[in-house]
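K.L.:
Got a structure here, written out as C-alpha cells. Questions coming.
The values are calculated or read from the model by the stated rules, or taken from the named source; none is laboratory data. Note that this is a predicted model, so its numbers are computed, not measured. No Cβ is skipped: glycine too gets one built from the backbone with ideal geometry, and neighbour counts run over all protein chains shown.
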Amino acid sequence: MLCLSKTKGTGGTVKSVPEDFIVREITSKGITLELQRAYSQNDLNEEEAKDGKFCSFILEKKNWNTINALLTIAKRLGHGRKAIGYSGIKDRNAMTVQLASIFGAEPEAVMRIRIKDLSINGAWKSDGVEMGSNLGNAFSIRVRDAEETDPSDTISELSYRFPNYFDSQRFGTRLNNAAIGICLMEGRFEDAVMEFLTGTEHETSADAIEARKRLKEEQDFMDALSYFPRYLKAERTVIHALSKERNYANAMRTIPRGISLLFIHAVESYIFNAELELRIKANDLLPTLFLGRNEFGFPDAKRVSDEGFPAAPLIGYKTDERYTSSYSEEVMAGLGISKESFMIKSMPELSMKGDVRAMLAPFKDFSFNEDKSAKGIFLNFSLPSGSYATIFINEITKSSDFQISSIKTR
C-alpha cells in the first residue's frame, strides 16, 4: 500500500514470535487491559448485572485467533458459536488480552477452564460484549533486524496520523474474499462457491492446493469429502451441501453468516483502500466528510461532522451520494459495480447499508527504544478500534509487500 510518509524506513520484520507482538485492549471505559493481571467487574468500571444472561471475562491468549479461542471455550461450556461475544478480533501470532463474553455461562465455570496458551483473568455476570465497543488497542511491538533504529523523522512527518487502510487479513489468506463477494453481489453463486472452494492463488498449504485443484478438475463433491483437508471446515460444510444438492446459493448459506459477510466487507474495504491510495497519490485528503472525536480522542464513526478526522464512506446501498467521490466512483466502475450492488436481492441477509471510516487514523502514546538483542526497535503506541498496527508499522519500516494489485476481484 502507498505510504503517507516519504522517509526511507527502518526496514525489519515483525511477528517473528508471539512475544514480539503484544496487544492490550482499551475498553469502552478507556481502561487499558494488562497481561497476567486479574480483574474484577469493579476494576473495569463495568455496571453490575447480577441478573445478566451473559458472562463477561478477560481473555488472555497466545497463538490463538480470537474466534477459535472463544469457540473452544464455549464448547467446553456446552455452548456454540452464537453464544460468544467480543469487541474485536486480535492477531493470532501474538500475545493479546481482551474482554469477551459467553451467553448462558456461569462465571465460576468460566474461571475453571484450563486450555493451553489461554488464560481467564476474571469473570462476572453481564449483559454481554458487543462488536466494536472497545475504544482501541495498545501495542508493544518488536521490529527485528532493522537497518535503522530511530523512526523519529517518520513520526514527525506523519504528525501523529497514518493512512487507515484495511490490512491484507481483511481480504482472506488467499486474498480472494473480494472476488467471492462480487460474485455474490452479482448473483453468480456458482462462481462464488467455486472460487471459495477451488481458488489456489496465494494458498500456502500443499495439501489444500492439491485438494482445491482436484475438485476444480473433477467437480465431484461427494468424492471431495474423502480428500478435502478437515481443517478447511467451512469449505467442507459447503461441499457436503453440494454433495446432496447442486444448489450453490443454498450451499453458501450453510456456512455462518458472519463468514459470508466477510466477502461483502472485503468489497467495501477494497473500494476504501483504493480510494485512499488514489487520494494520497493526488495529495487530496480533504473530503466533505469528517468524523468527530470520542472521549479518548479517537475518531467516532457515529459523529459525522464538518471538521475533525477526514473520512470516506464504506460504500453500501444507503451511502449518501454527497459523500461519494470521483475516486470511489472510479474504483467501482473498474469493478463493474455501483452502490446499489450492495443490495443483494437474491441473498438479502448479506446486503450492506454502508458505513464511514476515518481515512487518516491517529496514533497515541508513541515511544520507542533500540533493542540491541534483536538488532532492531521496540515500539509502543495506541490505535483506534478497527485500525491495523501492521499498517502503522509499515509507515515506519516500509517493509510490507502488500499491494492493492495483489487483491483478487475477478
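K.L.:
For the range 355-365, give me each residue that is of a type outside the set (Val, Ile, Thr) and either more than 24 Å from Leu2 (Cβ to Cβ) or in a strand (DSSP E or B) (or both).
P.N.:
From the range 355-365, those of a type outside the set (Val, Ile, Thr) are 355, 357-365; that's our starting set.
Matches in the range 355-365: Asp355, Arg357, Ala358, Leu360, Ala361, Pro362, Lys364, Asp365.
K.L.:
Among the residues of the range 218-237 satisfying the criterion of being within 19 Å of Arg253 (Cα to Cα) and free of Cβ contacts under 8 Å to residues at least 12 places away in the same chain, which is surrounded by the most Cβ atoms within 10 Å (Cβ to Cβ)?
P.N.:
Arg236
K.L.:
Among the candidates Tyr317, Tyr270, single out the residue that is surrounded by 18 or more Cβ atoms within 10 Å (Cβ to Cβ), aromatic (Phe, Trp, Tyr), modelled with pLDDT of 95 or more and outside any strand (DSSP E or B). Give the derivation first.
P.N.:
On the way: Tyr317 fails: surrounded by 18 or more Cβ atoms within 10 Å (Cβ to Cβ).
On inspection, the qualifying residue turns out to be Tyr270.
K.L.:
Additional query: How many of the residues making up the range 366-380 are touching an Asp or Glu at 6+ places or on another chain (Cβ under 7 Å) and either assigned to a loop (DSSP other than H, G, I, E, B) or crowded, with 22+ Cβ neighbours inside 10 Å (or both)?
P.N.:
If we filter the range 366-380 for residues that are touching an Asp or Glu at 6+ places or on another chain (Cβ under 7 Å), which is where we start, we get 375-378, 380.
From what is left, the residues that are either assigned to a loop (DSSP other than H, G, I, E, B) or crowded, with 22+ Cβ neighbours inside 10 Å (or both) are 375-377.
Selection size over the range 366-380: 3.
K.L.:
Hey, can you tell me all the residues within the range 355-402 that are without any contact (Cβ under 8 Å) to a residue 12 or more places away in the chain and either on the phi > 0 side of the Ramachandran plot or within 21 Å of the chain's Cα centre (by Cα) (or both)? Before the answer, list the steps.
P.N.:
At the first step, the residues of the range 355-402 found to be without any contact (Cβ under 8 Å) to a residue 12 or more places away in the chain are 369, 372-373, 401.
Listed by number, the list holds a single entry, Asp401.
K.L.:
While we're here: Out of Ala274, Ala266, Ala251, I need the residue that is touching a residue at least 24 places away in the same chain (Cβ under 8 Å) and under 24 Å from Asn137 (Cβ atoms). Which one?
P.N.:
Values: Ala274 fails: under 24 Å from Asn137 (Cβ atoms); Ala251 fails: under 24 Å from Asn137 (Cβ atoms).
That would be Ala266, the only listed residue that is touching a residue at least 24 places away in the same chain (Cβ under 8 Å) and under 24 Å from Asn137 (Cβ atoms).
K.L.:
Ok, one more. Name the residue that is modelled with the highest pLDDT, counting only residues in the range 320-334 that are surrounded by 17 or more Cβ atoms within 10 Å (Cβ to Cβ) and touching a Ser or Thr at 6+ places or on another chain (Cβ under 8 Å).
P.N.:
We begin by selecting, within the range 320-334, every residue surrounded by 17 or more Cβ atoms within 10 Å (Cβ to Cβ); these are 323-325, 327-328, 331-332.
Of the ones still in play, those that are also touching a Ser or Thr at 6+ places or on another chain (Cβ under 8 Å) are 323, 332.
Working: Tyr323: 90, Met332: 97.
Taking the candidates together, the pick is Met332.
K.L.:
Turning to a different aspect of this structure: Provide a single number: the residues in the range 277-311 that are more than 25 Å from Ala138 (Cβ to Cβ), at pLDDT below 95 and of a type in the set (Gly, Ala, Ser).
P.N.:
Final tally of qualifying residues: 1.
K.L.:
Next question, about the same structure. Return a yes/no flag: does the range 284-304 have any residue that is of a type in the set (S, T, N, Q), out of contact with any Lys or Arg (no Cβ under 9 Å at 6 or more places or on another chain) and either within 16 Å of Gly386 (Cα to Cα) or surrounded by fewer than 20 Cβ atoms within 10 Å (Cβ to Cβ) (or both). Write out each step before concluding.
P.N.:
Of all residues in the range 284-304, those of a type in the set (S, T, N, Q) come to 288, 294.
Among the residues that remain, those that are also out of contact with any Lys or Arg (no Cβ under 9 Å at 6 or more places or on another chain) are: none.
Scanning the range 284-304 turns up no residue that is of a type in the set (S, T, N, Q), out of contact with any Lys or Arg (no Cβ under 9 Å at 6 or more places or on another chain) and either within 16 Å of Gly386 (Cα to Cα) or surrounded by fewer than 20 Cβ atoms within 10 Å (Cβ to Cβ) (or both).
K.L.:
Looking at the range 80-139 only, could you name the residues that are in a loop (DSSP other than H, G, I, E, B), among the hydrophobic types (A, V, I, L, M, F, W, C) and touching a Phe, Trp or Tyr at 6+ places or on another chain (Cβ under 8 Å)? Steps first, please.
P.N.:
Of all residues in the range 80-139, those in a loop (DSSP other than H, G, I, E, B) come to 80, 87-94, 104-106, 112-114, 116-117, 127-135.
This time we only want the ones that are among the hydrophobic types (A, V, I, L, M, F, W, C), so: 89, 94, 105, 113, 129, 131, 135.
The answer is Ala94, Ala105, Val129, Met131, Leu135.
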